[in-house]
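Report on the structure given below.
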Amino acid sequence: MTTPESGTARVPLQDNARLSVYWDNHLRDAFEESARFIYPPMIEASLAHVYMLSTQGVLPQERGRQLLTGLLELWSRTENGTQEFPFDGSVEDPYYFLEQQLANACGISTSELDVQLARSRNDLDAGAFRMVLRRQLLDQADLVVQTAADAAQLAREHAESVIIGFTHRRPAQPTTMGHVLAGLSEALLSQAQEMLSIYAELNVSPLGSAAFAGTDLPIDSDLVGDLLGFDSSFTSSYEAVVGAEHFMRLAGAHGRITATGARWARVLLEWMTFRWVETPTAYTQGSSIMPQKKNPVVLEHMVSMAGATAADMAATFANIGSAWYEDSNNATTDVQKHLWRSGERVGRFVRMMDGLLTNFRVLELPSAEQIVKSGATTTAVAEALAAQGLPWRGAHHIVGDLVRVADPTQWTSEDVTSAFDRANIPATDALVAITLAAGANPALVLERPQLGGPGTKAVITTANRATSLATTFAAELRARRTHLDDTRERLIKLTSDVVENNRW
């Protein structure tokens, strides 16, 4: 087509002229993005649904058997990898593709299908989404728990590796690598615990809700849910279809995992820069011009990946927040791509994070002199003076004054006496000696008894608790995965027995 004004050809609005503008620019893309995810659980859900319809007397058993035969053929194709998902414009979405494939497998026309009797795309989509996300969540949680366990093991190994702890990017106080790693393990386990809670919310079956108001037919929603490994069925058919709480919680968990990992990546990058720990070659790239460079760019990529995950999280919340509290693509279908994408990214992110932990090697820890010189032990000096009866603010003022004069390794008796004088506090020989000695040994931090602190025993206690919790969580995740696998195997055997032996 040419425009009358210019005579130039118009830019085409379709890549495929056989499709409408809408179908070519959205439905095709949505189909190609989603079919590989939701087609298999749609088949699985349809097996349970048809079996239930026939056992309830809603669908004649012979027709049910015919449908199960076709569905098992489709299931076999998904299992052996022969199922393809071409978008040729004959159907608009994965559900109608399923009907098309099922009719062909059964040797009937789509007008003869009963698979959608007492069911809507609404509850089928809602169920398929949950089935996809629950397995993805288990995969992600496995990695998070494993990483937490590895961090805890490193914490035990480095419970006495004294370093300079930072706040606001400035030297703050002595701590240990073990103290930091034990804290990281605790953060990861908090995320794992949240993921188990999200799984419980995800693993509620919406199937049987139909469009949102159920059906007049005598279906058994609990049976369908049980056959598919759901822990329970909906209590509100409306929320079962229109609800998005589980989507927002999962998006938030993805954001948490990568945000915490990105923060750790920045600290680890600094430790590598200080040469406290090795920069593992397998996680680096070289420079095209500078031969000495060994750039740990993986850590930069992890920070960027956290940003991308935050963007998917924001998109999920924005989509849901723009929707009515009723069935709409904004709050359900259209957020799946963000969850699938961020979930896949979380998997890659945590694998790299755990890989860096398993390649963690100490090179050269800061010396006691370097730690003292940084000013990291000055809090201990102020506390020692306060323990002698000086008001805390006065002790704090004296030490701060001294730091402004020189780094602690350079302090003299005269410097200390002058600082006391400027604070209008009498300087006894004992107080001067305490001021010079209290911050001289950073390793004293290892003796701190407070639970959760950097003391050796405290770090090991925290790490042991983390290991125990990781073991518990790992077992819970295995149990959930085993339940899903066993339930699927039972469904396939149950429906195969119907097809092969006509045994209901």
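Every number in this text was worked out from the coordinates using simple rules, so none of it is lab data. If you're wondering where the values come from, they're calculated on a predicted model, not measured in any experiment. Glycine also receives a Cβ, built like all others from the backbone with ideal geometry; neighbour counts cover every protein chain displayed.
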Note, the range 423-436: 3J(HN,Hα) by Karplus (6.51, -1.76, 1.60, θ = phi - 60°), whole Hz, Gly/Pro = x, goes 8, 6, 10, x, 9, 7, 4, 5, 5, 5, 5, 4, 4, 6
Packing-ranked peptide list from 103-111, 33-41, highest mean Cβ count within 10 angstrom first, is 33-41, 103-111
Straight-line reach check, Lys294, cutoff 29 Å on alpha carbons, 8 or more apart in-chain or any other chain, hits among lysines -> Lys373
In whole Å, largest first, the alpha carbons of the range 44-111 cover along the principal axes 37, 27, 19
The relative contact order of the range 378-440, taking Cα pairs under 8 Å that sit 6 or more residues apart, comes to a percentage of 42
In vacuo Debye sum over C-alpha of the range 378-440, base-10 log of normalised intensity I(q)/I(0) at q = 0.12 Å⁻¹, listed in q order, is -0.21
Residues whose modelled amide H sits under 5 Å from the amide H of Leu59, counting only those 5 or more places away in sequence or on another chain, are Ser54
What helix-only [θ] at 222 nm does the chain give? Using -39500 (n - 2.57) per DSSP H run of at least 4, over all residues, to the nearest 500, the answer is -21000 deg cm²/dmol
Taking a straight Cα-to-Cα line shorter than 13 Å from Lys457, and setting aside same-chain aspartates and glutamates fewer than 8 residues away, one finds Glu157, Glu160, Glu447
Loop-resident GluC sites (Glu not before Pro) in the range 300-400 with no more than 16 other Cβ atoms inside 10 Å, DSSP not H/G/I/E/B, are Glu326, Glu364
So, with points 7 Å from each Cα along the Cβ direction, the Asp497-Glu270 label distance in nm works out to 6.2
The range 83-107 and the range 214-274 have their Cα centres apart by a whole-number Å value of 28
Counting only DSSP beta bridges with both partners in the chain, the antiparallel fraction in percent, to the nearest 5, comes to 80
Most exposed to least, judged by fewest other Cβ atoms within 10 Å, Asp497, Asp401 sort to Asp497, Asp401
tail above 25 Å in the computed P(r) of the range 171-291, as % of all Cα-Cα pairs, reads 52
Taking the range 273-384, the whole-percent share of alpha-carbon pairs separated by over 21 angstrom is 62
Once normalised by the length of the chain, the mean sequence separation of its alpha carbon contacts under 8 Å that are 6 or more apart gives a contact order in percent of 18
Neighbour-count ranking for Ile219, Ile257, Ile492 (other C-beta within 10 angstrom, fewest to most) reads Ile492, Ile219, Ile257
Volume per residue (Å³) of the convex hull spanned by the alpha carbons of the range 112-222 is 132
Restricting to lysines and to Cα separations under 19 Å from Lys493, and discarding same-chain partners fewer than 8 apart, the set is none
Residue separation between Ala475 and Asn25 times 0.36 nm, minus their alpha-carbon distance, gives in nm 157.5 nm
Amide H neighbours of Ser233 at under 5 Å, excluding residues fewer than 5 places away on the same chain, with H built from the backbone geometry, are Ser205
Looks like the range 400-504, by Cα gyration tensor root eigenvalues a ≥ b ≥ c and the a/c under 1.5 rounded cutoff (else prolate when a/b is bigger than b/c, oblate otherwise), is prolate
For Kirkwood radius over Cα pairs in Å the list reads (i) 25.0; (ii) 31.6; (iii) 27.3; the calculated value is entry (iii)
Listing Ser413, Ser161 by rising number of other beta-carbon atoms within 10 angstrom, fewest first, gives Ser413, Ser161
For the range 51-57, in residue order, the Karplus 3J(HN,Hα) values (coefficients 6.51, -1.76, 1.60; θ = phi - 60°; whole Hz; Gly and Pro = x) are 4, 5, 4, 6, 5, 8, x
Checked the range 8-159 with the C-alpha gyration tensor, a ≥ b ≥ c its square-rooted eigenvalues, rounded below a/c of 1.5, otherwise prolate if a/b is larger than b/c and oblate if not; verdict oblate
Net charge near Asp220 (other residues with Cβ under 15 Å of its Cβ; Lys, Arg +1; Asp, Glu -1) is -3
Whole-Å distance linking the alpha carbon centroid of the range 483-502 with that of the range 167-193 is 48
